[in-house]
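Asks: Have a look at this one before I ask anything.
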Amino acid sequence: MRADLLFDDIAGLDEALAAVDGFDAVLVGGLLRPRPAQAGGLSGLADAVAGTPLASRVAEAAEKASAGGGDEGHFVALAAARTALLGSVHDALVARVDEVTGRPVADPWAAGPDSGEERAGNLLVAARGWLCDLARTGWQGIDHELVGGAAPVVSAMLPDPALRRLATLLDGFAAELAACCPGASLERVPVRRWADLWARALLLTLPGAASGPAVGEVSGRLLPLGVDVQEHATAVQAQVHAVFEPADGGVSRLVRASVSAPKPDTVVGAGLWQGLRPHMSLLAAVGEGRAVDLDAMPLTAEGDLLWDDSRARAGEPADVFATARVALPVAAACAVSPLDRHPVRIAVPVLVEGYGVEGYGVERDGMEDARDVAGGVVLDVAGCRLRVDTDRVPAAGPLTPQAVASSGACLGLLRWDAGEFLLQPLAVERTVRKKPVAVHAGAWAGGTSDKAGARAEKAATDAVVVLRERAGKLLRK
């Protein structure tokens, strides 16, 4: 792994992000009565895509929007330009990661069949109208009446599977906006996040945009690498990253398999696994350190396994670090959907070894320093400082920042955030009594005899029992 390449400048990256930031600032005040400063953000976006097929349409849209006369078509063009710029940033960063790791390049993108959302064109038009009203008003002008306009559209969309992806996005976006109303009183606006959600939702209202990736069936051996746990107050998702080796001897691929479940906000830590395990046998295999044999398992062009327990069976023991050292370097990434080409979605499995550590419990000048240094744990890889994203280390496992700081090898996801590459740990290898010992973030996925994990699971079980009893009483009333 050429870690030094992660810190070299990428031509045009800063300029593309600056154009995106300029446009995002425009959405804060809204486009109903644009101020002179907003015109600069719109023209900057148009200049950034000059020379591309979008050039003329975006230039017209920027001109109309600057005069306060933008319509739905103009807003769609601006959203497309913003998405294209972030897509170019994504591609440049992924190309740099490919150079760093030396892995095979991803296959070209292959779209699946049309999802048929054109049947509900009126709902797409209604959703587009609401999103355009948001752009005219701006984040500082939102109120409950405007945000509430999404509710009937979402309610009409949810029963249709072809529209559920957009409906879910609109529902979550509207709920987030409602929690911040009125916008005029906001002390801090999540500028990039709301612009991301707005642009993505607006493009999904276009016919054909919501079509999913092509899906095929694969058979072979799945070698888990680790689990990324993503938690929300009312939901949790576990995403298993793995190397898939086809039975026909084809090229190995990096794939993912995800399972999610609703949860009460009182269930946290190791208790999260209780809601996830019943839906995916892969979690048990991860906890036990085993491979999984797949038979005709659906796999999308993006590398997502559509998990079906009936098509999987536990295989032989498979050491994660052996997989990372032998199988990971030759595994090719899968393609990325055009609308998913965004820097925040970069999560590339890598193995880092032979580093020094700054951070928790690191010995300095003969003294033990248990305090966190500025920026958290940092790995010194061949003279390059790679920051560890300890905020993403889940409480649902034994892996801790302290374990990372005392490790000699780290298997993690290479991500990009706030202008730099970060490493999210999935597992580390430490030396205990002169023997290598692995600590995994997903070690408790299939169950645990660890005292701390067992205690947390029992507490979660008690909380769930109480909640079910209360829910039963309410239903009986």
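The values are calculated or read from the model by the stated rules, or taken from the named source; none is laboratory data. Predicted model only: the values in this text are computed from it and were never measured. Positions of Cβ are backbone-derived with ideal geometry, glycine not excepted, and every protein chain shown enters the neighbour counts. In case anyone asks, the SASA skips ligands and DNA or RNA and just uses the protein heavy atoms, side chains included. Shrake-Rupley method; radii C 1.70, N 1.55, O 1.52, S 1.80 Å.
Asks: From Cα coordinates alone, what are the radius of gyration and Dmax values for the chain in angstrom?
Replies: 23.9, 71
Asks: Give, in nm to one decimal, the length gained when the segment between Asp295 and Asp319 is fully stretched (0.36 nm per residue of separation minus the Cα-Cα distance).
Replies: My answer for the length gained is 6.5 nm.
Asks: Going by average Cβ density within 10 Å per residue, which order do the peptides 280-287, 310-317 take, highest to lowest?
Replies: Ranking the peptides 280-287, 310-317 by packing returns 280-287, 310-317.
Asks: Further, regarding this structure: Using a cut-off of 12 Å between beta-carbons, work out the net charge of the residues near Leu27 (Lys and Arg +1, Asp and Glu -1, Leu27 not included).
Replies: For residues surrounding Leu27, the net value is +1.
Asks: Carbon and sulfur atoms: what percent of the 1.4 Å accessible area of the chain do they account for?
Replies: Here carbon and sulfur together make up 53 percent of the probe-accessible area.
Asks: Using the Cβ atoms and a cut-off under 9 Å, what net charge is assigned to the surroundings of Glu302, where Lys and Arg are +1 and Asp and Glu are -1?
Replies: Net charge around Glu302: -1.
Asks: Related question: What percent does the relative contact order of region 1-121 come to when contacts are Cα pairs within less than 8 Å and at least six residues apart? Can you show the working numbers first?
Replies: Numbers: 110 pairs, mean separation 35.7, N = 121.
Once divided by the residue count of region 1-121, the mean separation gives 29 percent.
Asks: Next up: Just the accessible area per residue of region 3-204, please: how many Å² with a 1.4 Å probe?
Replies: 46
Asks: Can you work out the accessible area per residue across region 215-330, with the rest of the protein chains kept in place, probe 1.4 Å, in square angstrom?
Replies: I get 43 Å² per residue for region 215-330.
Asks: Applying 1/(1 + (r/R0)^6) with R0 = 30 Å to the Cβ-Cβ distance of Phe7 and Asp47, what FRET efficiency is obtained, to the nearest 0.05?
Replies: On the way: r = 28 Å, r/R0 = 0.94.
That pair, Phe7 with Asp47, gives E of 0.60.
Asks: Cα axis of helix 451-476 to longest principal axis of the chain: angle in degrees, 0 to 90, nearest 10?
Replies: 50
Asks: Which residues among region 41-72 fall inside the zone where the amide N is under 14 Å from a point 7 Å beyond the Cα of Ala92, along Cα→Cβ?
Replies: Residues 48-50 qualify, since their backbone N sits under 14 Å from the label point.
Asks: Another question, then. Given Cα pairs under 8 Å that are at least 6 residues apart, what percent is the relative contact order of the chain?
Replies: 14
Asks: Rounded if a/c is under 1.5, else prolate if a/b beats b/c, else oblate: with a ≥ b ≥ c from the C-alpha gyration tensor eigenvalues square-rooted, which is region 3-204? Show your work: numbers first, answer last.
Replies: Numbers: a/c = 1.68, a/b = 1.25, b/c = 1.34.
Verdict is oblate for region 3-204.
Asks: A further question on this structure: For Met1, tell me the accessible area in Å² from a 1.4 Å probe, rounded to the nearest 10.
Replies: The value for Met1 is about 100 Å².
Asks: So between Asp380 and Asp160, what do we pick up on full extension, going 0.36 nm a residue minus the alpha carbon distance? List each step's numbers first, then the result.
Replies: Details: separation 220, 0.36 × 220 = 79.20 nm, distance 5.09 nm.
Answer, rounded to one decimal: 74.1 nm.
Asks: Going from most exposed to least, what order do His440, His241 have by accessible area with a 1.4 Å probe?
Replies: Of His440, His241, the descending order of accessible area is His440, His241.
Asks: Continuing with this model, one more query. Once the Cα atoms of helix 72-101 and of the chain are each reduced to a long axis, what angle between those two axes, in degrees from 0 to 90 to the nearest 10, is obtained?
Replies: Taking the Cα atoms of the chain, the angle to 72-101 is about 30 degrees.
Asks: Compute the angle between helix 36-48 and the longest alpha-carbon principal axis of the chain, please, reported from 0 to 90 degrees and rounded to the nearest 10.
Replies: 60
Asks: Quick one: which residues, 5 or more positions from Leu225 or on another chain, have an amide H under 5 Å from its amide H? H modelled 1.01 Å from N in the peptide plane, none for Pro or chain starts.
Replies: It is His241, Ala242, Val243, by chain and number.
Asks: If you don't mind, there's one more thing I want to ask. When a/c reaches 1.5 or more, the comparison of a/b and b/c decides; with that in mind, is region 174-240 rounded, prolate or oblate per its Cα gyration tensor?
Replies: It comes out oblate by the Cα gyration axes.
Asks: Further, regarding this structure: Taking the Cα centre of the chain as the origin, how large is its charge dipole in debye, to the nearest 20, when only Lys and Arg (+1) and Asp and Glu (-1) carry charge on their Cβ atoms?
Replies: In total the dipole reaches around 1260 debye.
Asks: A further question on this structure: Label-point separation (nm) for Leu206 and Leu306, each offset 7 Å from Cα along Cα-to-Cβ?
Replies: Distance between the two pseudo-spin positions: 2.5 nm.
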